[in-house]
Amino acid sequence: MTLLRTPSQTVGPYYEIGLCRRDDNELVPGGLELEGQLLDGQGEPVVDGMVEVWDASARRWGRSGTDGEGRFRFRLAKPAPATGAPHIDVYVFARGLLRHQLTRIYFPDEEQANDADPVLAALDVDDRATLVAQEDGARLRFDIRLQGDRATVFFAH
């Protein structure tokens, strides 16, 4: 009997079993509510992913597993800008990824700072739009599309 070589291990879906049971998504009690969906290339929800947010200015971070509809939620504060516009760094972990992905969330009420931000300025208008959260009533909405139409911009790290 000959054993076949197996592919390298991807991240997940073990988050569903372990890490997602932690409730680390409230960085600032009563803070700004941010929610969104993690979507695959066909626009289908990724139900066993994990999203981590990092506020480097305050040394805060949180994580949220995605639910049965690919949703994640956080309570956070807008960070102080270190360089460029205020933003949150985001790491995405999901099945099928050999390595986590890095992106950013910028704030929609910071138009002037966003226009002057060197990272956003280096992108075309459509790509820039994938990094700015949308106002949704009293909360912010930020959907992450892993690939396909309107895919979120990810950065090398």
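The values are calculated or read from the model by the stated rules, or taken from the named source; none is laboratory data. Because the structure is predicted, anything quoted here is derived from the model rather than measured. Here Cβ is always computed from backbone atoms with ideal geometry, including for glycine, and neighbour counts include all displayed protein chains.
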TODO: Filter region 40-61 down to residues that are assigned to a strand (DSSP E or B) and within 11 Å of the chain's Cα centre (by Cα) and give me whichever is modelled with the lowest pLDDT.
DONE: 50
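Of 109, 143, 89, 124, which residue is over 15 Å from residue 51 (Cβ atoms), of a type in the set (D, E, K, R) and touching a strand residue (DSSP E or B) at 6+ places or on another chain (Cβ under 9 Å)?
Values: 143 fails: over 15 Å from residue 51 (Cβ atoms); 89 fails: over 15 Å from residue 51 (Cβ atoms); 124 fails: touching a strand residue (DSSP E or B) at 6+ places or on another chain (Cβ under 9 Å).
Every option except 109 fails the conditions.
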- [ ] Identify, by number, the condition in (1) under 29 Å from residue 117 (Cβ atoms); (2) modelled with pLDDT of 90 or more; (3) more than 13 Å from the chain's Cα centre (by Cα) that residue 105 doesn't meet.
- [x] (3)
Open item on the list: Cβ-Cβ under 6 Å, sequence separation 6+ or interchain: first residue in region 102-122 and on the phi < 0 side of the Ramachandran plot and in a strand (DSSP E or B), partner polar (S, T, N, Q) and modelled with pLDDT of 95 or more. Which pairs?
Closed with: 103/152; 106/114
TODO: Could you please give the count of residues in region 76-131 that are of a type in the set (D, E, K, R) and buried (at least 16 other Cβ atoms within 10 Å of the Cβ)?
DONE: 7
Task: Only one of 73, 99 that is outside any strand (DSSP E or B), basic (Lys, Arg), touching a residue at least 24 places away in the same chain (Cβ under 8 Å) and within 21 Å of residue 44 (Cα to Cα) - done: 99
